[in-house]
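A.B. asks: Can you read through this structure? Questions will come right after.
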Amino acid sequence: MNVRMLVNLLGRGLLFLSLAMVPCILLSYYTRGDDLFSLVTGFLISIVSALVMLIASFGPTGELRHREGFLFVALAWTLAGFLGALPFWLSGYIPDYLDALFETVSGFTTTGATILVQIDALPRGLLLWRSLIQWLGGMGIIVLTIAILPYLRVGGMQIFKAESPGPTVDKLKPRITETAKLLWGIYVGLTCLEIILLMVGGMNGFDAVCHGFTTMATGGFSVKSAGIASYNSAYIDAVITVFMLLGGASFTLHYFSLSGNPGRYLRSQEFRWYIGLFVAGMVVIMWSTRSMYGSFAEILRYVSFQTASIMTTTGYATYDYTRWPAAAQMTLLFLMLVGGSTGSTAGGMKVMRLGILIKYAHREILRLIHPHAVVTIKWDRVPVSQEVLSSVVGFSIYYVLIFAITSLILALLGVDFLTAVSAAMASISNIGPGLASVGPFASYADLPSLGKALLTFCMLVGRLEIYTVLVVLSPMFWRK
């Protein structure tokens with residue numbers, strides 16, 4: 001185990017995290033907020049921790065190998081959660097540290113689940129920090145899913161390796177660096193474009209920046225207790241819907257499109273499935289809610305927004321969808337399970353895995369009919385290897401198992417059935433709001449402490465594609 005390399009990378013990550021607090025500190029100072037002390041203290045603790053780690057690991061670090069790669073990914077998100085929670089906890093606005101940790105992990109994993117009820121009551125420094133951690137989490141997820149996990153062969157992600165822009169070397173460090181440079185530029189550019197469009201629609205600068213951060217990250221945190229519904233603007237709804245769909249699509253497709261090859265969108269099988277599922281889900285929900293709205297324009301506005309929000313696992317809401325008919329809620333629950341595209345900031349199982357599983361099931365039916373037939377599963381016209389297929393099937397089994405076990409434990413803690421099931425799904429799929437007591441205009445505040453701790457773990461497991469966490473927790477990982 002290359003401990004020096006691991007500590008050095010974690011130190012760099014914490015240094016970046018601590019520097020990200022500076023804009024929040026400046027805003028708090030400018031607005032004379034009562035969160036200044038907590039932000040400064042959180043900054044000092046984080047930067048001192050980072051400097052200690054960097055000094056301790058000074059010198060040649062060597063290459064990052066598979067074992068260190070798994071451990072780095074798991075520790076980076078965990079440390080970010082523990083240190084990022086300090087401003088919320090020290091400010092007194094979230095007096096319980098477990099609640100502060102829940103809120104912060106929800107941010108960094110771009111889940112969007114919250115224990116806050118009166119979000120408007122938070123000072124602007126904390127509101128900016130709350131939005132910024134989602135945006136930073138989205139930046140990390142882009143590189144994680146496009147550069148790191150394909151290299152580590154996690155959950156079938158190796159099929160994505162050939163699609164990644166940047167160097168096709170087998171060493172992880174240059175791959176992370178070059179991919180980050182290419183894709184973060186697109187991420188920042190799309191965020192800035194959305195902020196401008198929101199301001200054109202009448203949203204003030206602060207709100208536009210915060211919602212630009214949380215939309216592109218498909219995170220869903222808002223600076224308003226009523227969320228996007230508080231603006232009551234069809235224009236703002238439309239802008240956010242478009243950018244949620246962009247955030248839920250693969251960033252490699254955005255890269256190739258901006259590089260002069262927009263046809264890659266239509267040639268991508270995952271993108272076609274992604275848009276197809278979005279349209280199909282929207283049609284089902286529009287049909288089942290047709291009697292609840294006064295016009296086609298109204299139903300299109302609310303249903304398209306909510307379908308995009310759930311499928312991209314953003315978690316925004318402009319309408320309380322728990323009041324929709326059962327068919328509409330079941331459709332949303334299915335879209336929660338699927339999630340967005342591989343290589344996006346969205347959570348869920350991912351459209352690619354669903355597609356491969358469906359093709360796998362279809363192949364088994366054909367084998368029963370024609371026992372001697374040789375049927376090759378293809379994705380994007382490329383044969384899917386047995387390694388990828390096994391990895392996808394294994395990932396899906398673990399996904400369902402963790403979801404079922406989490407739902408059962410929540411039920412044993414006294415949580416009602418619909419809340420338990422939807423909270424488990426919303427956490428492992430990194431969506432945020434669920435159904436019943438954790439619906440779009442509710443919070444997770446009333447759940448038992450053990451339940452919140454369990455869901456915090458589920459958010460991390462889901463965000464890190466399950467295998468990353470399970471590998472590190474395996475005793476075999478620690479044997480020489």
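The values are calculated or read from the model by the stated rules, or taken from the named source; none is laboratory data. As the structure is a computational prediction, the values presented were derived from the model and not from experiment. Using ideal geometry, Cβ is built from the backbone for each residue, glycine included, and neighbour counts are taken over all protein chains shown.
A.B. asks: Under 6 Å between Cβ atoms, which residue pairs at least 6 apart in sequence (or on different chains) link something in the range 228-240 that is within 11 Å of Ala317 (Cα to Cα) with a partner that is of a type in the set (Phe, Trp, Tyr) and crowded, with 22+ Cβ neighbours inside 10 Å?
C.D. replies: From the range 228-240, the pairs are Ile228/Tyr316; Asp237/Phe305.
A.B. asks: If you don't mind, there's one more thing I want to ask. Can you report the number of residues in the range 241-261 which are within 21 Å of Ile196 (Cβ to Cβ) and free of Cβ contacts under 8 Å to residues at least 60 places away in the same chain?
C.D. replies: Within the range 241-261, residues that are within 21 Å of Ile196 (Cβ to Cβ) and free of Cβ contacts under 8 Å to residues at least 60 places away in the same chain number 4.
A.B. asks: Looking only at the range 90-121, count how many residues are touching a Lys or Arg at 6+ places or on another chain (Cβ under 7 Å) and farther than 28 Å from Gly348 by Cα.
C.D. replies: 1
Conditions tested, residue by residue: (1) at pLDDT 95 or above; (2) in contact with a His (Cβ under 8 Å, 6 or more places away or on another chain); (3) among the small types (Gly, Ala, Ser); (4) buried (at least 24 other Cβ atoms within 10 Å of the Cβ).
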site	(1), (2), (3), (4)
Asp96	yes, no, no, no
Phe108	yes, no, no, yes
Leu116	yes, no, no, no
Pro123	yes, no, no, no
Arg130	yes, no, no, yes
Gln158	no, no, no, no
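A.B. asks: So is Ser46 more than 26 Å from Val143 (Cα to Cα), crowded, with 21+ Cβ neighbours inside 10 Å and modelled with pLDDT of 95 or more or not?
C.D. replies: Judged against the criteria, Ser46 is not a match.
Residues are listed down the side, and each one gets a yes or a no for (1) assigned to a loop (DSSP other than H, G, I, E, B); (2) modelled with pLDDT of 95 or more:
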site	(1), (2)
Asn430	yes, yes
Tyr444	yes, yes
Lys452	no, yes
Leu455	no, yes
Glu465	yes, no
Val469	no, no
Met476	no, no
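A.B. asks: Also: Considering Ser390, Ser396, which residue is under 29 Å from Leu454 (Cα atoms), over 20 Å from the mean Cα position of the chain (by Cα) and not β-branched (Val, Ile, Thr)?
C.D. replies: Exactly one residue qualifies, and that residue is Ser390.
A.B. asks: Next up: Give the range 246-268 a look and list any residue that's buried (at least 17 other Cβ atoms within 10 Å of the Cβ), closer than 14 Å to Tyr187 by Cα and not hydrophobic (A, V, I, L, M, F, W, C), or say none.
C.D. replies: If the condition is that a residue be buried (at least 17 other Cβ atoms within 10 Å of the Cβ), closer than 14 Å to Tyr187 by Cα and not hydrophobic (A, V, I, L, M, F, W, C), then Gly247, Gly248, Ser250, Thr252, His254, Tyr255 are the ones that fit.
A.B. asks: Taking only the range 440-480 into account, find how many residues are of a type in the set (Ser, Thr, Tyr) and farther than 18 Å from Gly81 by Cβ.
C.D. replies: Qualifying residue count, the range 440-480: 3.
A.B. asks: Restricting attention to the range 1-22, which residues are farther than 19 Å from Arg65 by Cβ, loosely packed, with under 15 Cβ neighbours inside 10 Å and not β-branched (Val, Ile, Thr)?
C.D. replies: Leu19
A.B. asks: Filter the range 49-73 for residues that are among the hydrophobic types (A, V, I, L, M, F, W, C) and crowded, with 19+ Cβ neighbours inside 10 Å and give the result.
C.D. replies: Matches in the range 49-73: Ala50, Met53, Leu64, Phe70, Leu71, Phe72, Val73.
A.B. asks: Could you run through the range 365-396 and say how many residues are in a helix (DSSP H, G or I) and surrounded by 11 or more Cβ atoms within 10 Å (Cβ to Cβ)?
C.D. replies: Residues in the range 365-396 being in a helix (DSSP H, G or I) and surrounded by 11 or more Cβ atoms within 10 Å (Cβ to Cβ): 12 in total.
A.B. asks: Is it the case that Leu410 is surrounded by fewer than 19 Cβ atoms within 10 Å (Cβ to Cβ), outside any loop (DSSP other than H, G, I, E, B) and hydrophobic (A, V, I, L, M, F, W, C)?
C.D. replies: Spelling it out, it is not the case that Leu410 is surrounded by fewer than 19 Cβ atoms within 10 Å (Cβ to Cβ), outside any loop (DSSP other than H, G, I, E, B) and hydrophobic (A, V, I, L, M, F, W, C).
A.B. asks: Still on this structure: Grab the helices (runs of 4 or more DSSP H) fully contained in the range 26-97, keeping just those with 2 or more residues being out of contact with any helix residue (DSSP H, G or I) (no Cβ under 8 Å at 6 or more places or on another chain) and of a type in the set (Val, Ile, Thr).
C.D. replies: Of the helices (runs of 4 or more DSSP H) lying wholly inside the range 26-97, those with at least 2 residues that are out of contact with any helix residue (DSSP H, G or I) (no Cβ under 8 Å at 6 or more places or on another chain) and of a type in the set (Val, Ile, Thr) span 36-56.
A.B. asks: Still on this structure, I have one more. Quickly run through the range 327-345 and pick out the residues that are touching a residue at least 24 places away in the same chain (Cβ under 8 Å) and aliphatic (A, V, I, L, M).
C.D. replies: Ala327, Ala328, Leu332, Leu333, Leu335, Met336, Leu337, Val338
A.B. asks: Any idea which of Met199, Met139 is surrounded by fewer than 22 Cβ atoms within 10 Å (Cβ to Cβ), assigned to a helix (DSSP H, G or I), at pLDDT 70 or above and under 16 Å from the mean Cα position of the chain (by Cα)?
C.D. replies: So the residue among Met199, Met139 that is surrounded by fewer than 22 Cβ atoms within 10 Å (Cβ to Cβ), assigned to a helix (DSSP H, G or I), at pLDDT 70 or above and under 16 Å from the mean Cα position of the chain (by Cα) is Met139.
A.B. asks: Separate question: Return yes or no: is Ile148 assigned to a helix (DSSP H, G or I), out of contact with any Gly (no Cβ under 9 Å at 6 or more places or on another chain), surrounded by 15 or more Cβ atoms within 10 Å (Cβ to Cβ) and modelled with pLDDT under 90?
C.D. replies: Answer is no for this residue.
A.B. asks: Sticking with this one: Which of the residues spanning the range 269-318 are surrounded by fewer than 22 Cβ atoms within 10 Å (Cβ to Cβ), outside any helix (DSSP H, G or I) and polar (S, T, N, Q)?
C.D. replies: Thr289, Ser295 - these are the residues of the range 269-318 that are surrounded by fewer than 22 Cβ atoms within 10 Å (Cβ to Cβ), outside any helix (DSSP H, G or I) and polar (S, T, N, Q).
A.B. asks: I want to confirm something. Restricting to the range 413-426 and keeping residues that are in contact with a Gly (Cβ under 8 Å, 6 or more places away or on another chain) and not in a helix (DSSP H, G or I), which single residue is nearest to Thr111 (Cα to Cα)?
C.D. replies: In this case the residue turns out to be Val415.
A.B. asks: Quick one: which of Arg301, Arg353, Arg290, Arg367 is touching a helix residue (DSSP H, G or I) at 6+ places or on another chain (Cβ under 6 Å), modelled with pLDDT under 95 and of a type outside the set (Ser, Thr, Tyr)?
C.D. replies: Answer to the check: Arg353.
A.B. asks: Here are Phe256, Phe271: which of them is at negative phi, modelled with pLDDT under 95 and among the hydrophobic types (A, V, I, L, M, F, W, C)?
C.D. replies: Criteria check complete, one pass: Phe256.
A.B. asks: Is it true that some residue in the range 218-228 is within 30 Å of Leu71 (Cβ to Cβ), surrounded by fewer than 22 Cβ atoms within 10 Å (Cβ to Cβ), of a type in the set (Gly, Ala, Ser) and at pLDDT below 95?
C.D. replies: no
A.B. asks: For Gly340, all conditions in the list (1) surrounded by fewer than 24 Cβ atoms within 10 Å (Cβ to Cβ); (2) closer than 27 Å to Val461 by Cα hold save one; what is the number of the exception?
C.D. replies: Failed condition: (1).
A.B. asks: Run Phe88 past the list (1) free of Cβ contacts under 8 Å to residues at least 40 places away in the same chain; (2) closer than 17 Å to Leu17 by Cα; (3) among the aromatic types (Phe, Trp, Tyr) and report the number of the one that doesn't hold.
C.D. replies: Result: Phe88 fails condition (1) only.
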